[in-house]
Amino acid sequence: MADTTGLVSLKRRRTAKEVGGAPVPVTRRAFIETYGCQMNIGDSELMAGALAGRGYVTVDDPARADVIVINTCAIREHAETRVLGRIGQLQVHRRNHPDLVLAVTGCMAQRMGKGLLDRTAGVDIVAGPDSYRKLGDLVDEMRFGGVSRGQMLLALDEMEAYEGVDAIRREGVTAWVTVQRGCDHRCTFCIVPYVRGSEKNREPRAVLQEVRDAVAAGYTEVSLLGQTVNSYRIGDWDFARLLQAVARVDGVRRVRFTSPHPNDVSDRMVRVMAEEPAVCPQLHLPVQSGSDRILKRMVRRYTVRQFLDTVERVRESVPGIALSTDVIVGFPGETETDFESTLSLLRQVRFDDAFLYRYSLRDGTPATRLPADDFVSEKTSGRRLEEVISLHRNIQREINEGELGSQHEVLVERPARSEGDVLGRTGTGKVVAFPGAPESRNTYRVVRLTSTSGPTFRGEAVP
């Protein structure tokens, strides 16, 4: 899954009184910060729902909160370092609120466990991805029941899919709907299976009801989430059937999904993408490396040729589709020849977007057992990252310059940084800024693309 390694403040979409249809006194306040991928955004919305059941309303200022939740990512060391620094910053709020509870949740919490308590002062709760249902109870026991601080909720639960927990969505235009949790792939570089457990797929009826609820709340764009979302299967439902059913829900205008695995791009899935108008012509295909030797070391279970065949099959069926990818450089054992193969693949496929990283060692992953001599120096991996970024930016600029003058339907998301402009995305996921009023958020506009900075566009609304 593409990792934004960014921060999102969860803001209130509806009050705790509305959760489950039963009145709950709103007497407490929660502030939630999210680091990492889209799955974590969805998890933060679940935590907001679980806390709402205990009377907590989410606020956008930690100074007003009775409980602060930091929802974390463990994919890369940089994201964890940011969280450790943020924990220290947030201690200032204890001066005026000594009963404040600070919880660290998510993948980093699961990975570090007690080590997080030992390493960082001021953490009251450490909770993993399968423990959010219990979070509100523990917070209240800590605040009002005399339970000591420094509690851990780290048990993985192969049955926990959070059915019955209503997500409280942040203020945005996309409804993030988790359809799958955990992962059965065991890529040697990845910590996810060890912090989120094995793959758990939600009941399709529950997914479709959540989509209908999102539409009723005013959402027209839905994004289906899973670690390898297109491996979804439960009973006689596969991902293609689920994708088609979501696309046909009344009121759904756009459907996206992330992150699929290249091995699970079935012909039926591609056919649904081609035939269902609501499914966006956009596909994220994480390749990770352009070298068969490195792909084997990563245990990706496909070859470069197989990956390229998948790209060809998708592009033949969905003309104009925008493709994005993930690439890791400097994986242990990567030679200059391997790296050149990655550059060659990028030149051949010409992805519209790419998330590019240098390898980050994660304790607990199989890659840690590779021979020490195989590890690539920081100097070499840093240079390779600079090269791959430069190549991708040039390709992206050429692709986007070729789209100038074309018209696209844009869903307005928020005001842009440039005064008087709003920001939105095309069906292919391209970011466009154009003149518009803030109140046009969550509406669709036909926009002509007039210029590009490389990754983003400027445009003008078509009357």
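The table for this structure:
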item	result
Two-decimal Rg to Rh for segment 407-461 - Kirkwood Rh, Cα set	0.91
Cα centroid separation - segment 344-409 against segment 50-75, whole Å	34 Å
For peptides 440-452, 164-176, sequence by mean Cβ density within 10 Å, most packed first	164-176, 440-452
Whole-Å distance, taken between Cα centres, linking segment 416-445 and segment 160-194	27 Å
Neighbour-count ranking [beta-carbon atoms within 10 angstrom, fewest first] of S418, S289	S418, S289
Ranked Y194, Y132, criterion: other C-beta atoms within 10 Å, fewest first	Y194, Y132
Dimensionless Rg ratio for the chain, taking C-alpha atoms and the 2.2 N^0.38 Å reference	0.98
Kyte-Doolittle mean at least 1.6 and Cα axial length at least 27 Å: DSSP H helices in the chain	none
Over 28 Å between alpha carbons, listed pairs K114/K200; K200/K379; K200/K296; K134/K296; K379/K430	K200/K379; K134/K296; K379/K430
Fraction of antiparallel bridges per DSSP, the chain only, in percent to nearest 5	40 percent
Alpha-carbon radius of gyration plus Dmax, which is the widest Cα pair, for segment 336-463 in Å	19.5, 62
Gyration tensor verdict on segment 339-381 (Cα atoms; rounded if a/c is under 1.5, prolate if a/b is larger than b/c, oblate otherwise)	prolate
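Values quoted throughout were computed directly from the atomic coordinates according to the rules given, and no laboratory measurement underlies them. From a predicted model like this one, the values you see are computed outputs, not experimental measurements. Every residue, glycine among them, receives a Cβ derived from its backbone with ideal geometry; neighbour counts consider all protein chains shown.
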